[in-house]
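Notes to accompany the following structure.
The values are calculated or read from the model by the stated rules, or taken from the named source; none is laboratory data. These numbers come from a predicted model, not from an experiment. Neighbour counts run over all protein chains shown; Cβ positions are idealised from the backbone, glycine included.
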Amino acid sequence: MSKFQNKVEILLPVYNGSSFVESQVLSLLDQSLTNYLVRIIDDCSDDHSTQIINKIISSYPQHISLYIQWINVGVLESINALFSGAKSKYIFFSDQDDVWLSHKMEISLKKMQEMEAIYGSYTPILVHTDLTVVDQDLNLLHPSFRHYQNLDPNPPKLLPRLLVQNFVTGCTVLINKPLKDLVSPIPPEAIMHDWWIALTAATFGKIAYISEPTVLYRQHQKNNVGARQWGLNYILSRLRNLEKVRIDIQKTIIQAKKFRETFQDHLLPEQLKIIDTYINLPNQAWSTRKYQMIKYGFYQPTRLKNLGFFLLI
C-alpha cells in the first residue's frame, strides 16, 4: 500500500446500518492509500451498529474515530457535526451501505491534484465518479449508475442544471478544504448535502467527473435515497404521481432561495440573474416560464424527463 502525503478524512454518518456497515467500513480500510482517518458519527441507532463499529475500531484504532449522538438529528446535521471537526486538506463522503473499490481514494485524489495544479489549491473543487449498481448481495444490476439513471455529469450549463437536478452522488465525492469551508454548515433547506455542495462548487469553484466507477452502490429496501432505473416504468410512475413531482420541484425552489440568501454577497450578477429567474419561474406567465426555462437551461437531459417539470412549474 502506498502512502499519500497529505492527511485525508472520510466522513461517514450511520443510522441503523448494522446490515451492511461492517462491509462498508472494511472497504474503507482496504484502500490503496494509508494516510487517512475514517470519522464516523452514529445518529442514535437502535440496532447493533455501534457494537459492530467498535469491534472494527479495536483492530484499526489509528484509522477510525466514532462519535455517538444521543438524539436522532438526521443526515444533514450529522454531516454538519462531522464537518465541525474536519481539519484535513481533503474530505471524502461515505454512505453506510455501499462498498468502495480499493482504488477509489487514489484516483480521486489524483484528479483533485490535477485540478488544483490547473486552478490553484485555494479554488473550491469537487471530484465525483461513476458507480456500479448492485443489489443487496452485491450482484450486478448495472455497470454504470450514470447510464442506469440517464444522468449527464457534464451539462453545458452547470448552475442552471444543478438548480433543477442533482447529478453528483455523495458517496463518490471528494472535496478540498476551500470548498468545505464554504459549504459548512449546510442549512436544513438543502435537499441533500451532496446537492448543496455541488451547487456551491459549480458557483464558486470547479467540478471534475471521473467516468470510472469507484463504488458498488447497493440497492436495498432501506435506501435513504436509492436509484431507480431510467425507463418506461420510471416515467409512468412519475406521471402517475404528479403531486410528488410538484413537491419535488418546490423543494428545489426553496433550496435555491436559501442558496441565494446564503451567498448573495458573493454571487456574480449573472449568477444572481440565473438563480432569481429560477426562483421566480412559478410567478411567470406560462409562455414566459417556458421561454426562460429554455433560455437559461432549466431542464434535464431528455425530453421525457422534462415532461413533468414543464407541465408543473
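Within the stretch 29-52, can one find any residue that is under 19 Å from Leu174 (Cβ atoms), in contact (Cβ under 8 Å) with a residue 60 or more places away in the chain and either within 17 Å of the chain's Cα centre (by Cα) or surrounded by fewer than 14 Cβ atoms within 10 Å (Cβ to Cβ) (or both)? Checked against the condition, which is being under 19 Å from Leu174 (Cβ atoms), in contact (Cβ under 8 Å) with a residue 60 or more places away in the chain and either within 17 Å of the chain's Cα centre (by Cα) or surrounded by fewer than 14 Cβ atoms within 10 Å (Cβ to Cβ) (or both), the stretch 29-52 yields at least one hit. Would you confirm, using the coordinates I've provided, whether Pro178 is in the same structural domain as Trp196 (by TED's automatic domain parsing) and not in a helix (DSSP H, G or I)? Criteria not met by Pro178.
Summed over the stretch 69-101, residues that are more than 25 Å from Trp196 (Cβ to Cβ) and either among the polar types (S, T, N, Q) or not in a loop (DSSP other than H, G, I, E, B) (or both) total 1. Residues in the stretch 118-160 that are of a type in the set (S, T, N, Q) and more than 17 Å from the chain's Cα centre (by Cα) were compared, and the one that is surrounded by the fewest Cβ atoms within 10 Å (Cβ to Cβ) is Asn139.
Taken across the stretch 293-305, residues that are at pLDDT 90 or above and in a helix (DSSP H, G or I) do occur, with at least one present. Under the condition of being aromatic (Phe, Trp, Tyr), assigned to a strand (DSSP E or B) and in contact with a helix residue (DSSP H, G or I) (Cβ under 8 Å, 6 or more places away or on another chain), the residues counted in the stretch 183-223 number 1. Restricting the stretch 102-131 to residues that are touching a Ser or Thr at 6+ places or on another chain (Cβ under 6 Å) and part of a loop (DSSP other than H, G, I, E, B), the residue that is farthest from Ile207 (Cα to Cα) is Ser102. Looking at Leu163, Leu151, just one residue is among the aliphatic types (A, V, I, L, M) and modelled with pLDDT under 95, and that residue is Leu151.
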